[in-house]
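For reference, the structure is listed below as structure tokens.
The values are calculated or read from the model by the stated rules, or taken from the named source; none is laboratory data. Keep in mind that what you see is a predicted model, and the values were worked out from it rather than measured. In this analysis, Cβ positions are derived from the backbone assuming ideal geometry, glycine residues included, and neighbour counts consider all displayed protein chains. Remember, those area values only see protein heavy atoms, side chains included, never the ligands or the DNA or RNA. Shrake-Rupley method; radii C 1.70, N 1.55, O 1.52, S 1.80 Å.
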Amino acid sequence: MKRTNSETHTFDYVIVGSGPAGCVLANRLSEDPAVSVLLLEAGGSDRSLTIQMPAAVPFAYMDAKLGWGYQAGPEPHLGGRWIDEKRGRVLGGSSSINAMIFNRGNPMDFDGWADRGLAGWAWKDCLPYFKKMEAFAEGPSDWRGGSGPLQISRCKADFPLHHQFLRAGEQAGFSVTPDHNGQKQEGFHVAQAYIHQGLRSSASRAYLSPVQDRPNLRVRSGVAVQKISFQGARATGVIATHHGTEVSFTARREVVLCAGAFGSPQLLMLSGIGDPDHLREHGIAVRAPLRAVGMNLENHPGVNLQYVTETKHSMVSQLGPAGRVRLALEWALMRKGLGASNFFETGAFLRTKHDVAFPNMQFEFLPLVRYIENGKLKARPGFNFWMDLSRPASRGRVRLCSADPATAPSIVFNHLAEPADLEDLVDGVELGRNIVKQAALASVTKAELLPGEYVRTRCDLRRWVAANLGTSYHPSGTCRIGTGENSVVDLQGRVHGLDGLRIVDGSILPSTVTANISAAIYMVAEKIADEMRGHTIQASKAVRP
Ligand SMILES: Cc1cc2nc3c(=O)[nH]c(=O)nc-3n(C[C@H](O)[C@H](O)[C@H](O)COP(=O)(O)OP(=O)(O)OC[C@H]3O[C@@H](n4cnc5c(N)ncnc54)[C@H](O)[C@@H]3O)c2cc1C
């Protein structure tokens, strides 16, 4: 491999990974003109129609050029199956290929962090940063932000099937909450999305585009970091490859890993930070014996429930040849119409049982049925809800397959290792079926496709869930914040026992949240960036519903 001179590549901060966390840090740290910041991203440009157009989301996450191509498995409690685990490898990271659903989580998630000894991470401490990061289209309030970089809008949900979903929820005894990211999360809701003026509001669009002319910020794509360099216990920079050439970058102040819940633990292990026995298996010299690296992997496991309707009741009716031409034209000319929607325009956070304090099940409603046939995305008349478990008990892990940085890590979610997770998911399917039985949906439902009417008993349902369980693509916890042995970083993301090395991304969440997790990751990054600059926003008074 060719080598370049490292002296020309010195910055105060070297940030690895341009997902939500990396983009927040690059923006906030470079607000100080006296500080120089380098943001490195393994993937390429995000200038693509499939990324920008919200309705194209399945094409974005199915595009192999935009992803890492990870497979999780073999999953010991799912019959040894492998799970296709998407991750963005592009500017904006997974925020450039994700479904754009905006959910903060439940205040109890963050109070739970504080109750476990994480001072400064209670809901009242996090809310100011949730507000700081967003410009909610309906304006600021005690609960919502009005002038942050991320543009959040409420979905239109004007297709009749969305209303029928909400009415069925009410008929089943639940309420429709006016703002599930405000005072009350629980119940049915019209969804909110990272969409502005018909375009995806990704991390790079929100946090990098507006500051691309700052002379003290350099963004380099196509640079894959291989490992962290050290002098003694101090991280001094990174070694990377760019078009087959080895290149090193020096950090005067800090290296900040924002490579995500798989990338950050992999980079630590490649750099000798992790479980000593595991590192030795791969011939890697131990620099810091942190056994929690790669452990505590959480994810939201879920299943699709699917129902058949007549074509006229399903959004498929809008997507015939003429409908697709209209979609393309309306979006191209006005950034409006179905092209400006991610289609997930309604949802619900529900409790399947009375002995949980928070909604333990999330539903995302789609007014059509999507499926893949011969590698191609197809749709059929009907509706679908993705239903996932908000706070599963099972934990997995990320480990190295090889000391070669180009080899993907081994990911095992261990879904359903804890029997309670399976029972909760079966309860969730029963709850979903009950919602579909309500008059508002029953009037348009012709048949159940999944699980299928032949899957009747609880025993059948357990087997069906295990056979069909999939991922919400919400990995977290593999370098988690904490103070004890079972953690990797301190309350501000600094790696235990080392200097000049911080991690800020989904990997440091101390436990997952009752929501799609990117909003929590933006919040964590905003809060740590502020602390790195010596600022803090006062805790909020509007703490509880
Ligand atoms: C298909 C899909 C749908 C999703 N839908 C939603 C949703 O609707 N709502 C929601 O809130 N969340 C959703 N998520 C999850 C959300 O996108 C992620 O949780 C979030 O993007 C994670 O942010 P991050 O900064 O931790 O990491 P990432 O977004 O994964 O970013 C990490 C970045 O680091 C780069 N990187 C990694 N290793 C290296 C290296 N060695 N060198 C250089 N660069 C490197 C990667 O290429 C990537 O750009 C979805 C995710 C996926 C994949």
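Can you pull out the residues in the range 470-503 that are of a type outside the set (F, W, Y) and within 8 Å of the ligand (Cβ to nearest atom)?
S472, H474, P475, S476
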Suppose we filter the range 67-86 for residues that are of a type in the set (D, E, K, R) and either touching a Gly at 6+ places or on another chain (Cβ under 6 Å) or away from the ligand (no atom under 12 Å from the Cβ) (or both); how many remain? 3
The lone exception for G382 - which of (1) crowded, with 23+ Cβ neighbours inside 10 Å; (2) in contact with a helix residue (DSSP H, G or I) (Cβ under 6 Å, 6 or more places away or on another chain) it fails: (2)
If only one of A60, A64 is open to solvent by 40 Å² or more (accessible area, probe 1.4 Å), within 14 Å of the ligand (Cβ to nearest atom), under 19 Å from the mean Cα position of the chain (by Cα) and without any contact (Cβ under 8 Å) to a residue 60 or more places away in the chain, which one is it? A64
Taking the criterion of being in a strand (DSSP E or B) and either more than 16 Å from the ligand (Cβ to nearest atom) or under 17 Å from F130 (Cα atoms) (or both), would at least one residue in the range 523-544 satisfy it? no
Among the residues of the range 161-177, is there at least one that is open to solvent by 10 Å² or more (accessible area, probe 1.4 Å), under 19 Å from the mean Cα position of the chain (by Cα) and among the small types (G, A, S)? no
Among the candidates S229, S209, which residue alone is more than 13 Å from the ligand (Cβ to nearest atom) and in a strand (DSSP E or B)? S229
Taking the range 138-157, which residues are out of contact with any Gly (no Cβ under 7 Å at 6 or more places or on another chain) and crowded, with 16+ Cβ neighbours inside 10 Å? G145, G148, P149, L150, Q151, I152, S153, R154, C155, A157
Return the pair list, or none, for Cβ contacts closer than 7 Å from residues in the range 137-151 that are under 19 Å from K541 (Cα atoms) to residues that are open to solvent by 80 Å² or more (accessible area, probe 1.4 Å), at least 6 apart or on different chains. W143/Q183; G146/P140
D12 - would you say it is more than 15 Å from the ligand (Cβ to nearest atom), touching a Lys or Arg at 6+ places or on another chain (Cβ under 6 Å), open to solvent by 10 Å² or more (accessible area, probe 1.4 Å) and within 30 Å of R494 (Cβ to Cβ)? yes
Residue tally, condition within 16 Å of the ligand (Cβ to nearest atom), part of a loop (DSSP other than H, G, I, E, B) and in contact with a Gly (Cβ under 8 Å, 6 or more places away or on another chain), over the range 186-206: 2
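Has the range 91-108 got at least one residue that is more than 30 Å from G222 (Cα to Cα), at pLDDT 95 or above and open to solvent by 20 Å² or more (accessible area, probe 1.4 Å)?
Going residue by residue through the range 91-108, those that are more than 30 Å from G222 (Cα to Cα) are 103-108.
Restricting the remaining residues to those that are at pLDDT 95 or above gives 103-108.
When the remaining residues are screened for being open to solvent by 20 Å² or more (accessible area, probe 1.4 Å), the result is 108.
Yes, that holds for at least one residue.
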Within the bounds of the range 355-366, is there any residue that is open to solvent by 10 Å² or more (accessible area, probe 1.4 Å), without any contact (Cβ under 8 Å) to a residue 12 or more places away in the chain and within 29 Å of H474 (Cα to Cα)? yes
Failed item, numbered, when C401 is tested on (1) open to solvent by 50 Å² or more (accessible area, probe 1.4 Å); (2) touching a strand residue (DSSP E or B) at 6+ places or on another chain (Cβ under 6 Å); (3) in contact (Cβ under 8 Å) with a residue 60 or more places away in the chain: (3)
Answer from G73, G69, G44 - the residue that is surrounded by fewer than 20 Cβ atoms within 10 Å (Cβ to Cβ), among the small types (G, A, S), out of contact with any His (no Cβ under 6 Å at 6 or more places or on another chain) and farther than 22 Å from S476 by Cα: G44
Test P54 against the criterion of being within 12 Å of the ligand (Cβ to nearest atom) and farther than 15 Å from R87 by Cα, and give yes or no. yes
